[in-house]
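The values are calculated or read from the model by the stated rules, or taken from the named source; none is laboratory data. Computed from a predicted structure; not experimentally measured. Cβ placement follows ideal geometry from the backbone for every residue including glycine, while neighbour counts extend to all protein chains displayed. Please note that ligands, DNA and RNA were not included when accessible areas were found on the heavy atoms of the full protein model with its side chains. Shrake-Rupley method; radii C 1.70, N 1.55, O 1.52, S 1.80 Å.
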Amino acid sequence: MKLADLDIIVTAPPAPGWGGRYWILVKVTTDTGITGWGECYASSVGPDAMRAVITDVFSRHMAGENPENIELMFRRAYSSGFTQRPDLTVIGAWSGLEIACWDILGKDRDRPVHALIGGRLNDRIRAYTYLYPQDNHRLPDFWASADMAAEAAEAYVAQGYTAVKFDPAGPYTIRAGHMPSMHDIETSVNFCAAIRGAVGPNADLLFGTHGQFSTGGAIRMGQAIDPFSPLWYEEPIPPDAVGEMAKVAAAVKTPVATGERLTTKAEFATVLRAGAATILQPALGRSGGIWETKKIATLAEVYNAQVAPHLYAGPIEWAANIQLAATLPNILMAETIETPFHAALIKNSITVENGYVAVPTAPGLGIDVDEDLARAHPYTDTGLHLEMQSDPISYHGQNVFAGGAPVKSE
């Protein structure tokens with residue numbers, strides 16, 4: 001069996017667009033006719049440029065190869081161009097293609113992916129959700145309203161979720177880490193207080209920041225929210241400043257989490273060695289795929305750290321996250337996004353029930369992809385999957401983060 005053909009679909013979720021402006025889906029077919037699906041969570045360049053990168057990685061390092069040879073193909077991509085170091089774009093392309101290889105292998109052997117990478121340790125995976133506006137919530141008011149956030153949290157807890165994530169600390173910018181304004185600290189404290197008051201002990205609070213603070217600023221914000229006992233403080237500073245993140249971790253009580261913007265075990269190992277985080281959040285469509293992220297999770301196990309796969313993408317990456325999570329002794333939880341389009345794209349083949357995801361037992365990733373639906377929603381805009389604000393934050397009033405670049409309704 002050899003890898004033969006590649007197709008790339010860039011699909012745009014309809015409004016409100018939770019999960020980003022577009023998802024890069026890859027369809028890989030073998031010379032024996034088996035098809036595997038993957039998803040590339042890579043957005044440093046636009047979709048057209050990523051098409052070219054994905055095509056190059058496939059044709060240069062994978063075409064004609066046995067899909068079993070994951071390690072060989074990874075080493076080719078990782079070493080490409082005399083580099084042998086993490087490259088966010090190349091490894092992002094590889095990650096989606098690698099996921100597709102595992103989907104192929106599972107289908108060829110009539111086994112779920114988790115059975116091929118250590119077997120199932122966990123029958124179900126604890127899920128968490130971002131706090132998205134409810135039907136009665138208006139935008140952009142929702143993003144600055146602690147009361148609306150508390151209402152959303154109550155609604156998700158009523159559905160069975162035991163952890164909810166929110167990020168009221170203001171927008172992320174292209175600039176270096178900044179000091180939070182007192183308005184943003186006050187808003188963050190109000191959110192924590194309102195949500196904790198609404199859910200009580202029935203849900204963990206997950207506090208996100210998108211890596212926007214200076215070291216001192218992150219410490220100030222972290223100490224302000226510590227009294228509400230969040231389960232994690234996500235990316236308090238830019239992800240590359242690992243030594244500085246360790247200073248934050250040492251100065252606050254809330255566990256630090258990081259990883260959505262990191263790739264390969266080389267970057268995650270640096271975080272673990274420095275004591276910069278005790279919760280890792282790899283996005284499998286960027287971190288190196290299923291096998292590389294299995295290694296990352298093993299490294300985390302040695303450091304007594306936990307893994308919580310990140311998701312701000314489509315349901316194919318979600319499916320890969322769940323297959324990996326099924327095998328991990330140090331899985332904490334997995335991010336989920338429940339929209340009608342997410343569900344329809346995989347024909348409801350994975351679902352959240354009472355706050356948990358049942359691990360699929362069907363072959364491969366355990367999903368049934370609606371290819372026609374994916375093709376019916378092509379991405380035609382020019383923006384990147386997510387974009388940062390150019391202007392600095394304001395110190396004269398509340399800063400509002402607009403919830404992950406949602407698609408605007410017509």
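Some values worked out for this structure:
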{"quantity": "Span-like helix ranges in the chain, DSSP H, alpha carbon extent 24 angstrom or more, Kyte mean at least 0.0", "calculated": "88-109, 182-199"}
{"quantity": "Highest average packing first - 227-234, 252-259, 27-34, Cβ atoms within 10 Å", "calculated": "252-259, 227-234, 27-34"}
{"quantity": "Relative contact order for segment 321-381, counting Cα pairs under 8 Å that sit 6 or more residues apart, in percent", "calculated": "30"}
{"quantity": "Share of Cα-Cα pairs in segment 1-101 lying beyond 24 Å, as whole percent", "calculated": "20"}
{"quantity": "Long-range amide H partners of Thr173 with built H, under 5 Å", "calculated": "Gln389"}
{"quantity": "Contact order normalised by residue count of the chain, Cα under 8 Å, 6+ apart, percent", "calculated": "25"}
{"quantity": "Most positive-pole-ward Cα, Val302, Asn330, Gly355, against dipole of segment 274-366 from beta carbon charges", "calculated": "Val302"}
{"quantity": "Partners for Lys265 among lysines (Cα-Cα distance below 16 Å; same-chain residues under 8 apart left out)", "calculated": "Lys294, Lys295"}
{"quantity": "Rounded accessible area per residue of segment 231-369, 1.4 Å, Å²", "calculated": "30"}
{"quantity": "Carbon/sulfur fraction of accessible area - the chain, other protein chains in place, 1.4 Å, %", "calculated": "50"}
{"quantity": "Added length on full extension, which subtracts the Cα-Cα distance from 0.36 nm per residue, Arg138 to Asp370", "calculated": "80.4 nm"}
{"quantity": "Cα centre as origin, Lys/Arg/Asp/Glu Cβ charges: segment 260-410 dipole, Debye", "calculated": "540"}
{"quantity": "Candidate lysines - alpha carbon under 24 Å from Lys253, same-chain residues fewer than 8 apart omitted", "calculated": "Lys165"}
{"quantity": "Net dipole in debye of the chain [+1 Lys, Arg Cβ; -1 Asp, Glu Cβ; about Cα centre; nearest 20]", "calculated": "920"}
{"quantity": "Lysines with Cα under 17 Å of Lys107, excluding same-chain neighbours fewer than 8 positions away", "calculated": "Lys2, Lys27"}
{"quantity": "Estimated dipole of segment 113-220 in Debye, rounded to 20 [Cβ of Lys and Arg +1, of Asp and Glu -1, Cα centre]", "calculated": "420"}
{"quantity": "Value of [θ]222 nm, deg cm²/dmol, for the chain, DSSP H segments ≥ 4, -39500 (n - 2.57) each, nearest 500", "calculated": "-11000 deg cm²/dmol"}
{"quantity": "Fraction of beta bridges assigned by DSSP in the chain that are antiparallel (%, nearest 5)", "calculated": "50"}
